[in-house]
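The structure appears right after this line, and notes come after that.
Values quoted throughout were computed directly from the atomic coordinates according to the rules given, and no laboratory measurement underlies them. Keep in mind that what you see is a predicted model, and the values were worked out from it rather than measured. Glycine also receives a Cβ, built like all others from the backbone with ideal geometry; neighbour counts cover every protein chain displayed.
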Amino acid sequence: MAPPANRRSGFSRRAQYSTFLSYIAGAIGAVVGLGLVVISIANPGAFSGLRGAAADVTEPAAKATAAGRTVSKTVVNDIAGFFKFGSEHARLERELAEAKVRLVEADAIRAENKRLKQLLDLTRSDEGAIATARLTSSTSGSTRRYATLDAGRDKGLTKGMPIRSKLGLVGRILEVGASTSRVLLITDTESLVPVRRSTDGVPAFAQGNGDGTLRIRLINLGINPLKKGDVMVTSGSGGLYRPGTPMAILTEIVRDGAVARVLSNPSDTDYVMIEKVWTPKPPPPAHENSETFAE
Amino acid sequence: MMGPRRSAATGPRINRAPSPLVALTLPWISIMLASLVPGWLMIASAPVLPPLGFLFFISWQQLRPGLLPIWAGLPLGLFDDLFSGQPFGSAVLLWSLSAIVLEVIETRLPWRNFVTEWLVAIGLIVAYIVLSLGLVNIAGAAAPLHVIVPQIVISVLSYPLVGLIVAKIDRIRLTPLMVLK
């Protein structure tokens, strides 16, 4: 197909000028874009107000599609469940029997824990979730992993609050709008979470790989003690994330750590809980005699 | 047989003409929706969906050269940046540049067909996704290159489908709705 002939400017001065000016306008667009990129790289929060307002405006439609997404997933699961019913039932009965035994053990451990904490004079801090909300949208076409939450300043959310589902950590709040907020998912390459192995507390960092997996980097280098199938939980060091939140399961061991799968896949999570920013207890004040030593 | 029927569905009919409002705004609206809606479909833990706003943008320009002005990348890119998760301004920059590139190719190529348009689009899509990753990495994320490989493949393969959708929207755009007095 030939291009339409009327777009040729020919010898008409007027047509030539208008073509030239439209190119100039396009170049101005590119220059403006470059300027905006430089500003947003220098100051990443510069346009958070604008983004928040846009997310607030589109929230009703996003909420509606989030509900639809859940329904369609349930239908698929129902049909799949119909075919797997028998084997699934047998497996669940077996697991229930095991779980009952574990529950008794857990009760005993909890009692012992309580007694030990009383000995150490520790009080249990408030663990209640601030709000429950739904992830309504995500940046599925970008390399950055952000999601939008349908709760914001109206529910009392602030920057830095950790987000978790029933299965584990999902991310933390990056920007707060009036009725929505922007969440940095733990699979983003800029997300760094201090973790430890659930069984013996080997410390490490979990960083997002950008492709849905996590990279576990051990703090203590040397012989890699990690094994496939180990579960990492948040350690709470440095604050922000409450210790003991399940986070990832190791799938592949590498030289200085492991590659892990996220336990709480954000695409499967329906509702998420927003927790308070966790602050570790400040270290006890130094004794007076130690100050005299310093002098 | 196909010719007369097509001209009856679109284009002017006796006493009827396409609404100029619909004809002008529908490309803009469809590109903005393509920027906005894919985010709602899933909470993705990896870049899996193509940058649909961009695909619609270049598809409209290839289907109807000159319908969108060259500066259209500025407002449409601004809108895309609000929702895309990229550093603010990256779509403004890259969409404006690709509009200029498309315009230059458009005026230089004497003829077009499906394959050449797809090849041009492939070049633009690959450049766009790689440069987007570059801008993200300059802004601080150290994402490796292999993360975008699935997205590039999906985007390149889905481009003809986007072209089909845009062609359907174009038919709606030129449906004679308005009754002439």
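The figures follow:
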read-out	value
Contour excess over end-to-end distance, with Cα ends at A:Asp200 and A:Arg255 and 0.36 nm allotted per residue	17.8 nm
Sequence-separation-based contact order of chain A, relative, with Cα cut under 8 Å and 6+ spacing, percent	15
Spin-label model distance (nm) - B:Ser158 vs A:Ala178, 7 Å beyond Cα toward Cβ	3.2
Exercise: per-residue mean of other protein chain Cβ atoms within 10 Å, A:35-42	6
For residues of B:52-59, the mean tally of beta carbons on other chains within 10 Å	1
Peptide B:104-111, shielding by other chains (average Cβ, 10 Å cutoff)	2
Inter-site label distance for A:Leu103 and A:Thr74 at 7 Å from Cα along Cβ, in nm	2.5
Highest-first arrangement of A:48-60, A:25-37, B:35-47, where packing means the average Cβ count within 10 Å	B:35-47, A:25-37, A:48-60
FRET efficiency estimate (nearest 0.05) - Cβ-Cβ, A:Ser237 to A:Leu116, R0 25 angstrom	0.75
Degrees, to the nearest 10: A:13-42 long Cα axis against longest axis of chain A	20
Principal-axis tilt of helix B:149-173 within chain B, Cα atoms, nearest 10 degrees	20
Semi-axis lengths (Å, descending) of the ellipsoid that matches the C-alpha gyration tensor of chain A	47, 29, 21
Acute angle (nearest 10 degrees) that the helix A:85-120 long axis makes with the longest principal axis of chain A, alpha-carbon atoms	70
Protection proxy ranking, peptides B:101-113, B:48-60, average beta carbon neighbours within 10 Å, highest first	B:48-60, B:101-113
Gain upon complete extension [A:Ile130, A:Ala64; 0.36 nm per residue less C-alpha separation]	21.4 nm
Zero-based 5 Å bins, Cα pair distances in region A:208-272, whole percents	4, 17, 23, 26, 20, 8, 2, 1, 0
Percentage, to the nearest whole number, of Cα pairs in region B:70-115 over 11 Å apart	65
